[in-house]
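Some notes on the structure that comes next.
The values are calculated or read from the model by the stated rules, or taken from the named source; none is laboratory data. The structure presented is a predicted model; accordingly, all values stated were derived computationally and were not measured. Glycine also receives a Cβ, built like all others from the backbone with ideal geometry; neighbour counts cover every protein chain displayed.
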Amino acid sequence: MDFETAFRRIKELKRENSIAKEILDLYQNILEFQRTSFERTGINYEELPASLAVEKPLIQIIEKEIKSETISKLFEDFFEFISLFGTPQMKESAKKAKGNRYFSPEKVKESLTGYLLEGKEIPDVPLEFLRLSVLSVTPILLSPVSKKLQEQLTEDFESTNCPYCGSKALIGYLKKEKEGKRFLICPVCYGEWPIKRDVCANCGNEDLEEHYYFIPESKEDKHIRVDICNKCKHYIKTVDERVLSDEGKTCSPLVEDLATPYIDIRLLEEGYEKVTKNLFGF
């Protein structure tokens with residue numbers, strides 16, 4: 001995640017009177033929380049072992065290398081942050097999450113990896129708030145390592161799952177410097193990896209009669225295409241960095257996802273499920 005790029009794109013979208021202004025305001029605050037939290041973790045990322053030779057290396061790093069106290073403190077800090085900047089409903093959930101034993105140093109690793117690997121919920125914490133909390137905290141812990149791991153990917157690597165933590169992608173983008181090659185982005189560790197343009201990011205389907213894309217009718221969003229799979233009934237948005245660049249605009253795919261909730265509403269009404277929901281649950 002390039003925070004400065006994300007902040008610039010949010011500013012551009014607000015200037016364009018984005019329909020998602022309130023969402024972007026809150027997301028900007030969360031990004032600022034993430035950026036300032038990196039320095040407070042005290043983790044020496046240079047010393048953390050990181051190799052794609054093991055399955056889901058980032059999950060193993062959580063389990064073995066990062067102190068439970070560090071993870072627990074990050075959640076505490078996030079709950080305090082939400083108590084100040086969240087919506088009334090979020091503030092109420094943060095109040096309930098504070099002091100929850102599943103976020104204590106004794107239980108937090110089990111809670112976090114249980115949610116990431118098996119989707120296990122935490123008692124007395126609404127699933128929507130748990131998702132928001134995890135997808136706000138895990139990038140702080142994992143993105144410096146996923147960035148190092150990206151250097152180990154070979155040119156021919158292709159996958160529908162994040163090679164660093166095993167999660168499904170949130171969004172894709174067509175990278176300008178790679179002549180429009182398609183990359184996927186993980187919401188858990190902010191890692192990115194390549195995948196063919198005509199492959200379903202959920203089930204891997206390559207049948208062009210069942211996997212296709214459309215471009216939204218809104219002229220403001222012509223840089224986005226929506227990839228749909230009729231085999232598994234899932235979809236994912238893909239941002240074309242080349243279009244934004246030609247218009248002199250910034251490309252920050254995770255921001256674009258939050259700025260286009262109307263696409264998610266439309267696809268949900270048509271019976272499609274998003275490959276992965278974002279931190280706000282759509």
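Points to keep in mind about this one:
- Test: residue in the range 47-56 that is closer than 30 Å to Phe157 by Cβ, of a type outside the set (Gly, Ala, Ser), part of a helix (DSSP H, G or I) and within 21 Å of the chain's Cα centre (by Cα): no
- Of residues in the range 171-191 being within 16 Å of the chain's Cα centre (by Cα) and either assigned by TED's automatic domain parsing to the domain that holds Leu31 or part of a strand (DSSP E or B) (or both), the one surrounded by the fewest Cβ atoms within 10 Å (Cβ to Cβ): Phe183
- From the list Ser133, Ser143, Ser159, the lone residue that is in contact (Cβ under 8 Å) with a residue 24 or more places away in the chain, surrounded by 15 or more Cβ atoms within 10 Å (Cβ to Cβ) and out of contact with any Leu (no Cβ under 9 Å at 6 or more places or on another chain) is Ser143.
For (1) among the basic types (Lys, Arg); (2) part of a loop (DSSP other than H, G, I, E, B); (3) outside the structural domain of Leu132 (by TED's automatic domain parsing), each residue gets a yes or a no:
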| residue | (1), (2), (3) |
| --- | --- |
| Arg225 | yes, no, yes |
| Ile228 | no, no, yes |
| Tyr235 | no, no, yes |
| Val239 | no, no, yes |
| Arg242 | yes, no, yes |
| Thr250 | no, yes, yes |
| Glu256 | no, no, yes |
| Leu267 | no, no, yes |
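- One residue stands out in the range 218-241 among those that are basic (Lys, Arg) and touching a helix residue (DSSP H, G or I) at 6+ places or on another chain (Cβ under 9 Å): the one that is nearest to Ile185 (Cα to Cα), namely Lys237.
- Qualifying positions in the range 160-170 - in a strand (DSSP E or B) and under 12 Å from the mean Cα position of the chain (by Cα): Lys168
- Looking only at residues of the range 27-46 that are in a helix (DSSP H, G or I), modelled with pLDDT under 95 and not hydroxyl-bearing (Ser, Thr, Tyr), we find that the one that is nearest to the chain's Cα centre (by Cα) is Phe38.
- For the range 199-214, the condition of being in contact (Cβ under 8 Å) with a residue 60 or more places away in the chain, buried (at least 22 other Cβ atoms within 10 Å of the Cβ) and touching a strand residue (DSSP E or B) at 6+ places or on another chain (Cβ under 8 Å) holds for at least one residue.
- Residue list for the range 116-130, restricted to those being surrounded by fewer than 21 Cβ atoms within 10 Å (Cβ to Cβ) and either within 21 Å of Arg35 (Cβ to Cβ) or not aliphatic (A, V, I, L, M) (or both): Glu118, Gly119, Lys120, Glu121, Pro123, Asp124, Pro126, Glu128
- When Asp2 is tested against (1) free of Cβ contacts under 8 Å to residues at least 24 places away in the same chain; (2) under 15 Å from the mean Cα position of the chain (by Cα), just one condition goes unmet, and that condition is (1).
- Of all residues in the range 57-71, those satisfying the criterion of being part of a helix (DSSP H, G or I) and either under 11 Å from Thr41 (Cα atoms) or among the acidic types (Asp, Glu) (or both) are Glu63, Glu69, Thr70, Ile71.
- Candidates Glu128, Glu121, Glu92 - the one that is free of Cβ contacts under 8 Å to residues at least 12 places away in the same chain and in a helix (DSSP H, G or I): Glu92
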